[in-house]
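A short write-up of the structure that comes next.
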Amino acid sequence: RAKADGRGTYCVFDSRMDAVLKDQRELETELREAIANGEISLEFQPVYSVEDWSIVSAEALARWNHPTRGPISPETFIPLAEECGLIGELEAQVLQQACEAALQWPSHICVAVNLSPLQFHSGSLPSRVIDTLESTGFPPERLQMEVTESLLIQDVDRTFEQLEALRAHGIQVLLDDFGVGYSSLSYFQRFTFDRVKIDRSFVNEIDRSHTAKAIVEAIVRLGRKLQMGVVAEGVETEEQMHVLSAMGCTHLQGYFLSRPVNSKLVSRASLQNVA
Ligand code: C2E
Ligand code: MG
Ligand code: MG
Ligand code: MG
């Protein structure tokens, strides 16, 4: 279409592209500074056990409150950090902060961190994680690492080796956002995940869509058979909470139960019961 519109369109398009790229480069520089200045903070979203509605863990979610642009979503700055080689440093800070925060919680509550697939490229991830556990004094059994299926597309063997190393050290490994992207059931033949987290796109449709319900039921049954915990993420209504617990999900997470909160509130919330 640009062609048919003539030369002028190219110019407009070019200058728009220019503006987008310039903005991108600016944001990149600012992200680099934010990481260097320790301005990436964390919120924690509790995960509840269906058995007694207690908080069993909380997921660390990276936050960047930009001085002029305001809060920037991790859906924006995580991919940017991945593109410009900053993800290793960013996630090292996330892990460090997550361990330090969780040391202040009641000792039965685990902390989960999300892992970029790029972290597996160098092969040094397990030793870096173990170093952080040792320097912070955080028990490996209380750390959960969430990986997504996209990570399992490239370098499958190397990735599984590193996941095994983490697990051998006592760290729990969770499969995040299960059911979207490049889901392959064959991963379960190669690796024992401690838990699988059902993507919120299914969870959210569960009271409206037979298909979503059937998919969640199938994942729950699979989880049971393979002795994995099954976490439903993105629970937004009481109705969904009831349906999912009746279906046999072992854990629930979502805005209905709790939004992501600051670390101190995790301790406080753990003293109360949602039920
Ligand atoms: P995720 O790991 O699947 O985390 C869940 C996201 O869903 C979080 O968004 C959370 O706030 C949101 N959420 C939780 N409950 C509900 C709900 O009931 N309804 C809705 N609509 N949303 C809900 P957030 O914090 O914006 O993070 C988005 C994604 O960014 C995360 O998805 C994760 O993939 C990524 N992310 C965040 N921090 C990190 C990090 O340190 N490293 C990496 N690699 N990724 C991160
Ligand atoms: Mg996650
Ligand atoms: Mg998720
Ligand atoms: Mg997600």
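Each row is one residue, and each column tells you yes or no for (1) of a type outside the set (A, V, I, L, M, F, W, C); (2) at pLDDT 95 or above; (3) closer than 26 Å to Q24 by Cα; (4) within 16 Å of ligand 2 (Cβ to nearest atom).
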position: L80; (1), (2), (3), (4): no, yes, yes, no
position: I87; (1), (2), (3), (4): no, yes, yes, yes
position: A92; (1), (2), (3), (4): no, yes, yes, no
position: E100; (1), (2), (3), (4): yes, yes, no, no
position: Q104; (1), (2), (3), (4): yes, yes, no, no
position: S116; (1), (2), (3), (4): yes, no, yes, yes
position: D131; (1), (2), (3), (4): yes, yes, no, no
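Among the residues of the range 170-217, the ones that are in contact with a Pro (Cβ under 8 Å, 6 or more places away or on another chain) and more than 16 Å from ligand 2 (Cβ to nearest atom) come to 1 in all. In the range 113-136 there is at least one residue that is in contact with a Pro (Cβ under 7 Å, 6 or more places away or on another chain) and not acidic (D, E).
Quick check on G223: is it within 30 Å of P139 (Cα to Cα), surrounded by 14 or more Cβ atoms within 10 Å (Cβ to Cβ) and touching a residue at least 12 places away in the same chain (Cβ under 8 Å)?
Details: within 30 Å of P139 (Cα to Cα): yes; surrounded by 14 or more Cβ atoms within 10 Å (Cβ to Cβ): yes; touching a residue at least 12 places away in the same chain (Cβ under 8 Å): yes.
Yes; evaluated as a whole, the condition is true for this residue.
Among the residues in the range 258-275, are any outside any helix (DSSP H, G or I), touching a Pro at 6+ places or on another chain (Cβ under 7 Å), within 16 Å of ligand 3 (Cβ to nearest atom) and hydroxyl-bearing (S, T, Y)? Give the steps one after another, and end with the answer.
Within the range 258-275, the first condition is being outside any helix (DSSP H, G or I), and the residues that meet it are 258-262, 271-275.
Those left that are additionally touching a Pro at 6+ places or on another chain (Cβ under 7 Å): 258.
From what's left, within 16 Å of ligand 3 (Cβ to nearest atom): 258.
Now restrict to residues that are hydroxyl-bearing (S, T, Y): 258.
So far as the range 258-275 goes, yes, one or more of its residues are outside any helix (DSSP H, G or I), touching a Pro at 6+ places or on another chain (Cβ under 7 Å), within 16 Å of ligand 3 (Cβ to nearest atom) and hydroxyl-bearing (S, T, Y).
Number of residues in the range 111-144 that are within 26 Å of Q272 (Cα to Cα) and buried (at least 19 other Cβ atoms within 10 Å of the Cβ): the value is 7.
Out of F191, F160, report the one residue that is away from ligand 1 (no atom under 16 Å from the Cβ), in contact with a Lys or Arg (Cβ under 6 Å, 6 or more places away or on another chain) and at negative phi.
Working: F191 fails: in contact with a Lys or Arg (Cβ under 6 Å, 6 or more places away or on another chain).
Unique residue meeting the criteria: F160.
Look at the range 127-156: where a residue is farther than 17 Å from Q104 by Cβ and free of Cβ contacts under 8 Å to residues at least 40 places away in the same chain and a partner is polar (S, T, N, Q) and crowded, with 17+ Cβ neighbours inside 10 Å, sitting 6+ places away or on another chain with Cβ atoms under 7 Å, you get L151/T159; L152/T159. Mind listing whichever residues of the range 163-202 are surrounded by fewer than 20 Cβ atoms within 10 Å (Cβ to Cβ), among the polar types (S, T, N, Q) and either away from ligand 4 (no atom under 16 Å from the Cβ) or modelled with pLDDT under 90 (or both)? Those that are surrounded by fewer than 20 Cβ atoms within 10 Å (Cβ to Cβ), among the polar types (S, T, N, Q) and either away from ligand 4 (no atom under 16 Å from the Cβ) or modelled with pLDDT under 90 (or both): S183, S184, S186, Q189, T192.
For the range 158-165, the condition holds for no residue, the condition being that it is of a type outside the set (S, T, Y), within 16 Å of ligand 3 (Cβ to nearest atom), under 20 Å from G179 (Cα atoms) and touching a residue at least 24 places away in the same chain (Cβ under 8 Å). In the condition set (1) closer than 18 Å to N262 by Cβ; (2) among the hydrophobic types (A, V, I, L, M, F, W, C); (3) in contact with a helix residue (DSSP H, G or I) (Cβ under 6 Å, 6 or more places away or on another chain); (4) surrounded by fewer than 16 Cβ atoms within 10 Å (Cβ to Cβ), L103 is compliant with all but (3).
The values are calculated or read from the model by the stated rules, or taken from the named source; none is laboratory data. As the structure is a computational prediction, the values presented were derived from the model and not from experiment. Methodologically, a virtual Cβ is constructed for each residue, glycine included, from the backbone with ideal geometry; neighbour enumeration extends over all protein chains shown.
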